[in-house]
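The values are calculated or read from the model by the stated rules, or taken from the named source; none is laboratory data. Just so it is clear, the model here is predicted, and its values are computed rather than measured. All Cβ positions, glycine included, derive from the backbone under ideal geometry; neighbour counts span all protein chains shown.
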Number of protein chains: 2
Amino acid sequence: MRKKYLMTPGPTPVPSEVLLAQARPMIHHRTPDFEQVVRECVEGLKYVFQTEQSDVLLFACSGTGAMESAVVNCFCAGDKVVVGYNGKFGQRMEQISKTYGLEVTKLEYGWQKVVDPADIAAYLAANPDARGVIVTQSETSSGVLNDVEAIARVVKDYPDCVLIVDSITGIGAVDVQTDAWGLDVVMTGSQKGLMLPPGLAAVSVSPKAWRACERSTLPKFYFDWKKHAKSLEKDTTPFTPAVSLMIGLAESLRLMREEGIENIIARHARLAEATRQGCEALGLELFAPAEGRGNAVTPVWVPEGLDGKKLVSIMKNRHGVTVAGGQDDYAGRIFRVGHLGYFGDFDIITTLAALEMTLVELGYDFEPGSGIKAAEKALIG
Amino acid sequence: MRKKYLMTPGPTPVPSEVLLAQARPMIHHRTPDFEQVVRECVEGLKYVFQTEQSDVLLFACSGTGAMESAVVNCFCAGDKVVVGYNGKFGQRMEQISKTYGLEVTKLEYGWQKVVDPADIAAYLAANPDARGVIVTQSETSSGVLNDVEAIARVVKDYPDCVLIVDSITGIGAVDVQTDAWGLDVVMTGSQKGLMLPPGLAAVSVSPKAWRACERSTLPKFYFDWKKHAKSLEKDTTPFTPAVSLMIGLAESLRLMREEGIENIIARHARLAEATRQGCEALGLELFAPAEGRGNAVTPVWVPEGLDGKKLVSIMKNRHGVTVAGGQDDYAGRIFRVGHLGYFGDFDIITTLAALEMTLVELGYDFEPGSGIKAAEKALIG
């Protein structure tokens, strides 16, 4: 037996309390017991999303289903939207929007630059009839954190334009002030900051987004927000919910409320900083730009001359530490350390130690222990 | 503490082996370990669906998502389809088809009659350009079992018309010979005969259904069959799968292969027969017609003068046995005993004993023990 450590940006490790909660004997979903679970999930999610004005809807699907739900519920075919993107998941929002016949303008920044709110402002000034701005807050593929607060300030001036935020690796890792910033639609998946297995997704819908929904004519059934909202009034769901995952979610939300959302965000900031300091002390270069580094995942360049796929494979197979490789153009060129959800100081120490041992094996020239030293310093603060 | 018994037609009880398998520490989905899980799930599902010719696709959603996937992948707006229905879930297929702009003819039989294959034949003779026949095999709301084998014989003569079978409570309870009968699309949900929590759905796609898919122009993304099939070639999924549920599914499919599909079907037939005999011996009347009674669920009329909601509530709250009430027009007028999935002889005995004790409390006139006696006789065979 070798102990295993899951350091990926989703799925993320699930606390034993949650694993066992979802292993409880099955209950029926049309019962007062389960209505109580629904209530706890919705209230807990509103707390985590920092919203009182928005409804939070739950779907049995993974994050992509939630993304699709935003498109089909907010728009009509032919609607103009702008997608600002710097990674794989921004691209997916573009693909979904095109699939449903929207007129999509993309603001592409490459994977190493943040979305510039001034570009959104320029787009909206030139296209005052635009119906949506779509942006990824925390881009899992590139580690880039976009400033959705600043973007929201721009969108606020357009009463018929909704701001849709993919916060799938944002919620529970970085600050997401749904009400205070004015985010119309925010979505997340269960296998991220919510510390659950994948299979559930949550979407918040602001009053402005509900107005968009009222005029939307795109076809939808399973992802129909109105059906879900109507059922939620009775603490239930229109279709059979993912019962075990929701029981797990009620448990993980209890853990999150115990810690407090501000403390959760601060913990993620600390762990991300320690990871960055540790890697830089090893002479490695961070992938995401200094002005937009998220706290969910730290992508790192593989040093020149080393085989990135081998690095990830040695960490996993020799040391039991699973980190993620790069995606698309960056496969083999970067690796990504996830520290999103159920993580503490010594998960970062473990990962950096495994990284150091792997770099020794790959013949990389550095001072073993220097990464740990820097991380310890950052963790002490 | 009172022991609890879940006798509903979904969610159904989950074996401890499966509950614990899905409570294992989380693993990443883009790994050889999880590819092995995908392979086991697909191979096991093909065994249960009795198919070698069809692909079986898996989605992180509940049954309604699978139903929607069939509509959006097989058709174009304006396509003619016929929906034969005798319950709530047939009606849902009609609603989904209308949502996507199909030209829907409905053959409505009420909740107590089987779909007549001759009516399908007459419809197709009058509408040779029809693109689809949609039918529920085992209607959970009414307990009616439709003869999809006979319907398939009719549809076979129309090369451009696919037969879509909602077998959500059929698979694992009654015979479903996907290849031998020629069923083009068959769907099921995890929380039924597969003995899992809800949140996963499986859909089989025949070569004829793939041809329909090729010409389909309805928009789809999350439920796009082609994306799923392409990923399955590499034993993976296009979007994050419901990892824990799939690990549970691999385990439940192992249990099902151990028992053997013929034995599983025979066990369900025995338990359903014992339930029916037991209820009739109590002087209760069965709801589903003699020519079409499924083995997944037994709906029973509440005797004249008794309060059906009270009956269900006493069984649950006094005796710990949860059965389902009636839906829609039959709320309070029938109750439904589920015996689909992880059930054995003494679950039926327990349920009938709880029913007898409840009927005593409600002042119903009968001979206590007579239901059990009849059930024992049926179980001995």
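Summary of values
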read-out	value
For B:R215: the one exception among (1) more than 11 Å from chain A (Cβ to nearest Cβ); (2) closer than 30 Å to B:A290 by Cα; (3) charged (D, E, K, R)	(2)
Region A:193-204: number of residues that are out of contact with any Cys (no Cβ under 7 Å at 6 or more places or on another chain) and more than 20 Å from A:V337 (Cβ to Cβ)	7
Failed item in (1) on the phi < 0 side of the Ramachandran plot; (2) more than 10 Å from every other protein chain (Cβ to nearest Cβ); (3) small (G, A, S), with B:G78 passing the rest	(1)
Residue in region A:119-141 that is surrounded by the fewest Cβ atoms within 10 Å (Cβ to Cβ), counting only those that are small (G, A, S) and under 24 Å from A:S69 (Cβ atoms)	A:A130
Qualifying residue in region A:96-107 (condition: away from every other protein chain (no Cβ under 14 Å) and either surrounded by 24 or more Cβ atoms within 10 Å (Cβ to Cβ) or of a type outside the set (D, E, K, R) (or both))	yes
Count of region B:226-254 residues which are touching a strand residue (DSSP E or B) at 6+ places or on another chain (Cβ under 8 Å) and more than 18 Å from B:E43 (Cα to Cα)	1
Residue within region A:263-272 that is surrounded by fewer than 23 Cβ atoms within 10 Å (Cβ to Cβ), outside any helix (DSSP H, G or I) and not assigned by TED's automatic domain parsing to the domain that holds A:K192 present	no
Failed item, numbered, when A:V312 is tested on (1) assigned by TED's automatic domain parsing to the domain that holds A:Q36; (2) touching a Gly at 6+ places or on another chain (Cβ under 6 Å)	(1)
Matching residues in region B:301-323 - criterion: being without any contact (Cβ under 8 Å) to a residue 60 or more places away in the chain and either β-branched (V, I, T) or within 14 Å of chain A (Cβ to nearest Cβ) (or both)	B:V302, B:K309, B:V312, B:S313, B:I314, B:M315, B:K316, B:N317
Region A:24-78, subset surrounded by fewer than 24 Cβ atoms within 10 Å (Cβ to Cβ) and among the acidic types (D, E), residue farthest from the chain's Cα centre (by Cα)	A:D33
Count of residues meeting criterion [closer than 27 Å to B:L340 by Cα and assigned to a helix (DSSP H, G or I)] in region A:10-35	7
Criterion (more than 30 Å from A:F335 (Cβ to Cβ), among the hydroxyl-bearing types (S, T, Y) and free of Cβ contacts under 8 Å to residues at least 60 places away in the same chain) met by exactly one of A:S231, A:S216	A:S231
Residue satisfying all of: in region A:1-31; farther than 22 Å from B:P241 by Cβ and among the basic types (K, R); farthest from the other protein chains (Cβ to nearest Cβ) among these	A:R2
Unmet criterion (only one of (1) over 28 Å from B:D33 (Cα atoms); (2) among the small types (G, A, S); (3) buried (at least 23 other Cβ atoms within 10 Å of the Cβ)) for A:A378	(3)
Every pair of residues 6+ apart whose Cβ atoms lie under 9 Å, when the first sits in region A:30-42 and is polar (S, T, N, Q) while the second is assigned to a helix (DSSP H, G or I)	A:T31/B:K316; A:Q36/A:A250
Residue in region A:84-93 that is surrounded by 24 or more Cβ atoms within 10 Å (Cβ to Cβ), under 23 Å from the mean Cα position of the chain (by Cα), within 14 Å of chain B (Cβ to nearest Cβ) and within 29 Å of B:C61 (Cβ to Cβ) present	yes
Identity of the residue in region A:324-347, part of a helix (DSSP H, G or I) and in contact (Cβ under 8 Å) with a residue 24 or more places away in the chain, that ends up surrounded by the most Cβ atoms within 10 Å (Cβ to Cβ)	A:Y330
Within region B:37-148, helices (runs of 4 or more DSSP H) holding 1 or more residues that are aromatic (F, W, Y)	B:88-99, B:117-126
Subset of region A:234-265 (residues that are within 14 Å of chain B (Cβ to nearest Cβ) and either free of Cβ contacts under 8 Å to residues at least 12 places away in the same chain or among the acidic types (D, E) (or both))	A:E251
Scope region A:273-285; condition surrounded by fewer than 18 Cβ atoms within 10 Å (Cβ to Cβ) and in contact (Cβ under 8 Å) with a residue 24 or more places away in the chain; matching residues	A:E280, A:G283
Region A:174-212 - residue that is crowded, with 24+ Cβ neighbours inside 10 Å and among the polar types (S, T, N, Q) and, of those, farthest from A:L19 (Cα to Cα)	A:T178
Where a residue in region B:174-192 is within 14 Å of another protein chain (Cβ to nearest Cβ) and under 24 Å from B:G338 (Cβ atoms) and its partner, wherever it lies, is among the polar types (S, T, N, Q) and surrounded by fewer than 20 Cβ atoms within 10 Å (Cβ to Cβ), with Cβ under 8 Å and at least six apart	none
